[in-house]
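Right, one structure below, let's go through it.
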Amino acid sequence: MLALDGSSAEDAFLADAQRYRRELLAHCYRMTGSLHDAEDLVQETYLRAWKSYQGFQGKSSVRTWLYRIATNTCLTALDGRKRRPLPTGLGAPASDPTADIAAHDEIPWLEPLPDTPREDPSDPSVIAESRESVRLAFVAALQHLPPRQRAVLVLREVLQWKAAEVGEAVGVSTAAVNSLLQRARAQLDEVQPHLDDRPAPPDSAEAADLLGKYISAFENYNMDELVELFTADAVWEMPPFDGWYQGPRNIVTLSQTHCPAEKAGDMRFLVTTANGQPAAALYLLNPQTGVHEAFQLHVLDVRAAGIAHVVAFKETGFFAKFGLPATL
């Protein structure tokens, strides 16, 4: 079947459906915890939709139909896969900051998600991709759920679908949806009991002020100032290293013991956002070349009392995804 301009109806549909790409990426990211996997799964979603377009009967919106395909694409991809944790999700106690650290690149770690500008708050894509639904604590907690529970919780509580719609999407009864949702909520409360505590948004004055002080403390290698910025029970973790550290003094001791930087000027940062949270890209000085090279992406959880959590992701291709340069 051809459209008026000579193109196929499938091609016209696919071009129109591209407006949902960003929110589908966020959906697949919540399901998988991986930006790279989410990008591949969105591509697969559009391919499946294009192939099956003739069977689309218009009983639901195109957006709902795409979400249904994306959800099942994710469930198929997750079958037999291990969950993507952060170091705090491995179940070990907080680590000694003076002890040796070990990288574990074989573990499929949770990955960060770049943010995009939000222009129209009434746009469904903005609602579906709200900051709370992609922040690291929530996505990390989702990884503890079996994939079908994960899908049910996201469709019901993030996308606000009706139970019957969710059941049709994942192939279970409405009663089964309600049961899966109840178990998912209970599991989330167990692994992350404070998910309802919302951090300061990255564009707030509070977050900008703390992020600026955080960057200044590192760039000037002022460890005493850095201590003052964290909450009393602040947590620091840095995948692919499997340890995690709690308390301002332990966090600073870790930096002094294991970070290659030794003095003011060794580190430089660029401000960005990730997962709806303030973030900073760290560039470390290479003494042989005199160039600051991409090193880590720090994603911060900022509260009224200070910085409560930092996840410092090792640069393994993330900088390009965030539109960040490889060197300064």
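Can you tell me how many residues in segment 171-196 are touching a Phe, Trp or Tyr at 6+ places or on another chain (Cβ under 8 Å) and open to solvent by 50 Å² or more (accessible area, probe 1.4 Å)?
Initial filter on segment 171-196 (touching a Phe, Trp or Tyr at 6+ places or on another chain (Cβ under 8 Å)): 192, 195.
Cutting the leftovers down to open to solvent by 50 Å² or more (accessible area, probe 1.4 Å) gives us 192.
So the answer is 1.
Filtered by the rule that a residue be under 15 Å from Ala274 (Cβ atoms) and open to solvent by 60 Å² or more (accessible area, probe 1.4 Å), segment 299-328 gives Lys314, Thr316, Ala320, Lys321, Gly323. Can you find a residue in segment 197-209 that is touching a Pro at 6+ places or on another chain (Cβ under 8 Å), open to solvent by less than 20 Å² (accessible area, probe 1.4 Å) and modelled with pLDDT of 95 or more? Within segment 197-209, not a single residue is touching a Pro at 6+ places or on another chain (Cβ under 8 Å), open to solvent by less than 20 Å² (accessible area, probe 1.4 Å) and modelled with pLDDT of 95 or more.
Taking the stated definitions as given, is Glu228 open to solvent by 40 Å² or more (accessible area, probe 1.4 Å), outside any loop (DSSP other than H, G, I, E, B) and closer than 30 Å to Thr73 by Cα? No, not satisfied.
Residue by residue, here is whether (1) open to solvent by 20 Å² or more (accessible area, probe 1.4 Å); (2) within 18 Å of Leu142 (Cβ to Cβ); (3) of a type outside the set (Lys, Arg); (4) out of contact with any helix residue (DSSP H, G or I) (no Cβ under 7 Å at 6 or more places or on another chain) holds:
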site	(1), (2), (3), (4)
Gln43	yes, no, yes, yes
Tyr46	no, no, yes, no
Lys51	yes, no, no, yes
Phe56	yes, no, yes, no
Ser60	yes, no, yes, yes
Leu66	no, no, yes, no
Ile69	yes, no, yes, no
Cys74	no, yes, yes, no
Arg81	yes, yes, no, yes
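Each row is one residue, and each column tells you yes or no for (1) free of Cβ contacts under 8 Å to residues at least 40 places away in the same chain; (2) in a helix (DSSP H, G or I); (3) closer than 17 Å to Glu111 by Cβ.
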{"residue": "Cys28", "(1), (2), (3)": "no, yes, yes"}
{"residue": "Met31", "(1), (2), (3)": "no, yes, yes"}
{"residue": "Glu39", "(1), (2), (3)": "yes, yes, yes"}
{"residue": "Val42", "(1), (2), (3)": "yes, yes, yes"}
{"residue": "Thr45", "(1), (2), (3)": "yes, yes, no"}
{"residue": "Arg48", "(1), (2), (3)": "yes, yes, no"}
{"residue": "Ala70", "(1), (2), (3)": "no, yes, no"}
{"residue": "Thr73", "(1), (2), (3)": "no, yes, no"}
{"residue": "Thr76", "(1), (2), (3)": "yes, yes, no"}
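When Trp236, Trp244 are screened for being open to solvent by 20 Å² or more (accessible area, probe 1.4 Å), of a type in the set (Phe, Trp, Tyr), in the same structural domain as Leu285 (by the TED database) and touching a helix residue (DSSP H, G or I) at 6+ places or on another chain (Cβ under 8 Å), only Trp244 passes. Among the residues of segment 135-177, just one is over 15 Å from the mean Cα position of the chain (by Cα) and aromatic (Phe, Trp, Tyr), namely Trp161.
Determine whether Thr257 is in contact with a Ser or Thr (Cβ under 7 Å, 6 or more places away or on another chain) and not in a strand (DSSP E or B). Yes: the conditions hold for Thr257. Against the criterion of being acidic (Asp, Glu) and under 25 Å from Leu254 (Cα atoms), Asp224 qualifies.
Close contacts from segment 165-191, counting a first residue that is under 15 Å from Thr64 (Cα atoms) and a second that is in a helix (DSSP H, G or I) and small (Gly, Ala, Ser), with Cβ to Cβ under 6 Å and a gap of 6+ residues or different chains, come to Val170/Ala151.
When Gln256 is tested against (1) within 25 Å of the chain's Cα centre (by Cα); (2) of a type outside the set (Val, Ile, Thr); (3) surrounded by fewer than 18 Cβ atoms within 10 Å (Cβ to Cβ), just one condition goes unmet, and that condition is (1).
In the list Pro108, Pro121, which residue meets the criterion of being at pLDDT 95 or above and open to solvent by 40 Å² or more (accessible area, probe 1.4 Å)? It would help to see each step written out before you state the result.
Details: Pro121 fails: at pLDDT 95 or above.
After ruling out the rest, the residue left standing is Pro108.
The values are calculated or read from the model by the stated rules, or taken from the named source; none is laboratory data. For clarity, every value in this text was computed on a predicted model and none was experimentally measured. All Cβ positions, even for glycine, are placed from backbone atoms using ideal geometry, and neighbour counts span all protein chains on display. Heavy atoms of the whole protein, side chains included, go into the accessibility calculation; ligands, DNA and RNA do not. Shrake-Rupley method; radii C 1.70, N 1.55, O 1.52, S 1.80 Å.
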